[in-house]
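Below is one structure, written out as structure tokens, with a few remarks after it.
The values are calculated or read from the model by the stated rules, or taken from the named source; none is laboratory data. Note that the structure is predicted; figures quoted are calculated from it, not measured. FYI the Cβ positions are ideal-geometry reconstructions off the backbone, even for glycines, and counts take in every protein chain you see.
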């Protein structure tokens, strides 16, 4: 163990349950060069600066030395402006303002309905895994509906997305192999979504995939490759992140009975509480694929052009230079500026969806579960250091309250 | 319920428009919203405010800190404990953004004495930027612009009563109704008013408008809603350009007459002005540059049209005079303060300077009339008529009014302003008029999504973005560090080799007409400067 560097210890799955003490040490060197040439940035101010620094690329094709055979069809998360902006505008056209401002808001009744059904479904169980029973099914159902992916195909793509998430590990060590694995799985997922896109092109519906395939505007539209890359991105992201928000949320609340009481007494508190969760136990801990395009001097360190850069969002959101008492979960924290969804032009595309899903599911769980308590603490974690959350979250409870329409 | 967005901070993430689509609307990044939405929107607005990535949505404009959003404790300049001057009588003259904001900050800072806020308007404090945008399009009623909760600040609010004089020696403010109000410390924040059309008879024609106050906006909205055959806009600064944009959004024919070679020239120079000109024309604005209106013509007391300097005429039944503003400082004539058309001179801590150039102890200035030295710009004195400056400076002034020497803050914020026109969010950081060259560093002016960087003698002094506001912080950092111009070019969204071009900014105007200084006396103890003001029109 002693030969492991601090960052290696952070990546080591054995420390997944509580990486925060390691993050505290990480912040002692705001910009830390790793042996493999990666620069890890862990303090709030520096992360925010780099998120808004045009000398930072999200396109790994800009690496001086790329360990892996690079993805030839990156989605907009792996592209820079202007291509990033063009593709994101084409995607957002069907999802949010200015052209579709009500899409997310109009999903709210469906979210509540699915949430209610899921909680009704565990009414008589007394003991469940919240990850499998509620935290996973809600976001999956929503992203399927939104994208236009048949929910019955879930078992097929679940295996793919999970594999893809497992290969998301920051750092260059073993990257080539991970990337090969990733590409293989990605190709299967791409094939599946390409087929689906074709169908939607023939018979367009009211879903994103249909919009991506059919829309042509002054800026043109998406090529078939771009449709598939975008769909892959949204399917994975829509699925493997909110699961952590919900699971981390219940874990945090169940560890603090006083908090659970406060949330029960004041249901509106769930809104700022979800923001605090995004700061305190975020679903995404690292942005791991950035590249310096020029020598960048920050916090007294010069990151050389072509070097890989990792932004440790979860460490930054707990930076005591940014927030007072960062290790305390305060559901009323104001202002609450956090890095839960990143920042700058790559700010999380699905943030409004994730927020609503998290707010609705957590509010209903808090209100409806009678005397919920953790069975194991800490719970087992999924191996990914990037998308960090419990693999299972076993709880016991004394039944559920009936659904109350508001 | 009331809400306000700090658009200086807003970066156009649009989260509010997803979560409260009936209150907030965004274009690519330009945000328009209702400041006083129905109570049933409450839950949506709370969600939007919580979600804002830069926490720029405020439901209480008295409590929020703006100078640094960090919730961590701010270190003080000195180790010594702050000796707060929390009692006595503070008078604030001016009850708009800066004055009212300062009242809130004073209470937040612990000021427990008597507070009097004097305003010449009869309304409670309101926000002006919406008046040239969503109020004129009819998206939001003019009354929906009140600033949240400011009126609840514990103070004596004297509304509809202009101040007419300041007696520095006896520490009294004179009011138009004859009252005199004594003070221990006073904040001067009387702002500006619209520059009227110089020909009084023509200005009095029905159909001739200016735009500064709530009443102005309500009257102009009514005039636009009556669908005039053509609107004439005099001046293509920010207000004039926003007016033209509103007219086109309402599908009203509009002619804009601008003295300079392009819109926005006096703020952004002729290069970016050229981009703005194309934007006007693409949206169907009849833009006449290098032209002035020589006469407004009426028929039976109603505006009929205008004669232009090029000999042509324009028929219009509504004209809006958007020729800039005049600082409300006449009431300070004879006060012994360095107050003139250029504003009221003060130090970086907002303390007013007297006619001799000496800093006063108990008289502070904030907002559009404050003329302060900026270290980033060679200590040149500048007045900034920006929303963000009023907010930031009010905070600094209020803090300094209750703090001892060791705990005072300097007003060092780099100027930031924004404008929303033709669906585009224009933002600026720094001082674009202090420039000899500029370069389009990111994006392209043809696409109207770009970052233009301004340089002066080899260092970066400003940046202007069109729908690229998320990059502004980076360029602000370069300005603060006096980074070399032109900037490095290895970055994202770089188009063909960016080449600096002359910035074509107007010569900095020197105010000479406002007041003349007469220096008398020979002995150092006797030397005095006196301002001689020309008679008022």
Among the residues of the range B:399-454, what is the count of those that are within 14 Å of chain A (Cβ to nearest Cβ) and outside any strand (DSSP E or B)?
6
Please verify whether the range A:387-400 includes one or more residues that are at pLDDT below 95 and within 30 Å of residue A:86 (Cβ to Cβ).
yes
Please find, among A:48, A:31, the residue that is over 17 Å from residue A:168 (Cβ atoms) and touching a strand residue (DSSP E or B) at 6+ places or on another chain (Cβ under 7 Å).
A:31
Among what's in the range B:385-414 and is within 13 Å of the chain's Cα centre (by Cα) and surrounded by fewer than 23 Cβ atoms within 10 Å (Cβ to Cβ), pick the residue that is nearest to residue B:192 (Cα to Cα).
B:385
So residue A:98 fits all but one of (1) over 30 Å from residue B:496 (Cβ atoms); (2) within 14 Å of another protein chain (Cβ to nearest Cβ); what number is the exception?
(1)
Test: residue A:319 is facing another protein chain (nearest Cβ under 10 Å) and surrounded by 22 or more Cβ atoms within 10 Å (Cβ to Cβ)
yes
Out of curiosity, is residue B:280 in contact (Cβ under 8 Å) with a residue 60 or more places away in the chain and under 27 Å from residue B:453 (Cα atoms)?
yes
So for the range B:465-481 (the condition being at pLDDT below 95 and not in a helix (DSSP H, G or I)), does at least one residue qualify?
yes
At least 2 residues that are without any contact (Cβ under 8 Å) to a residue 40 or more places away in the chain in each: list the strands (runs of 3 or more DSSP E) lying fully within the range B:301-379 that qualify.
B:302-308, B:359-365, B:370-374
Checking A:146, A:138, A:118 in turn, the sole residue that is away from chain B (no Cβ under 14 Å), within 21 Å of the chain's Cα centre (by Cα) and either closer than 30 Å to residue B:22 by Cα or at pLDDT 95 or above (or both) turns out to be A:138
Taking strands (runs of 3 or more DSSP E) that do not extend beyond the range A:279-372, which have at least 1 residues that are modelled with pLDDT under 95?
A:287-292
So residue B:27 clears everything in (1) in contact with a strand residue (DSSP E or B) (Cβ under 8 Å, 6 or more places away or on another chain); (2) crowded, with 17+ Cβ neighbours inside 10 Å; (3) modelled with pLDDT of 95 or more except one condition, right? Which one?
(3)
Over the range B:7-17, the set of residues part of a loop (DSSP other than H, G, I, E, B) and within 8 Å of chain A (Cβ to nearest Cβ) is B:13, B:14
Is it the case that the range B:45-54 has a residue that's at pLDDT 95 or above, facing chain A (nearest Cβ under 9 Å), in a loop (DSSP other than H, G, I, E, B) and in contact with a strand residue (DSSP E or B) (Cβ under 6 Å, 6 or more places away or on another chain)?
no
Please go through the range A:326-351 and give me each residue that is facing chain B (nearest Cβ under 9 Å) and farther than 30 Å from residue A:230 by Cα, ordered by number.
A:326, A:333, A:334, A:335, A:336
Given the condition within 14 Å of chain B (Cβ to nearest Cβ), within 20 Å of residue A:387 (Cβ to Cβ), in contact (Cβ under 8 Å) with a residue 24 or more places away in the chain and assigned to a helix (DSSP H, G or I), answer yes or no: does some residue in the range A:233-248 qualify?
yes
Among the residues of the range B:171-206, how many are out of contact with any helix residue (DSSP H, G or I) (no Cβ under 8 Å at 6 or more places or on another chain), on the phi > 0 side of the Ramachandran plot and touching a residue at least 60 places away in the same chain (Cβ under 8 Å)?
1
Test of understanding: among A:79, A:50, A:90, which residue is over 28 Å from residue B:476 (Cβ atoms) and more than 8 Å from chain B (Cβ to nearest Cβ)?
A:90
Which listed residue, of B:20, B:38, is more than 10 Å from chain A (Cβ to nearest Cβ), modelled with pLDDT of 95 or more and over 16 Å from residue B:130 (Cβ atoms)
B:38
Those residues of the range A:27-47 which are more than 14 Å from chain B (Cβ to nearest Cβ) and surrounded by fewer than 24 Cβ atoms within 10 Å (Cβ to Cβ) amount to A:28, A:29, A:30, A:31, A:32, A:33, A:34, A:35, A:36, A:37, A:38, A:39
Would you check if residue A:366 is more than 14 Å from chain B (Cβ to nearest Cβ) and either out of contact with any strand residue (DSSP E or B) (no Cβ under 8 Å at 6 or more places or on another chain) or touching a residue at least 60 places away in the same chain (Cβ under 8 Å) (or both)?
yes
Could you tell me which numbered condition residue A:84 fails, if it satisfies all but one of (1) over 12 Å from residue B:19 (Cα atoms); (2) in contact with a strand residue (DSSP E or B) (Cβ under 7 Å, 6 or more places away or on another chain); (3) facing chain B (nearest Cβ under 9 Å)?
(2)
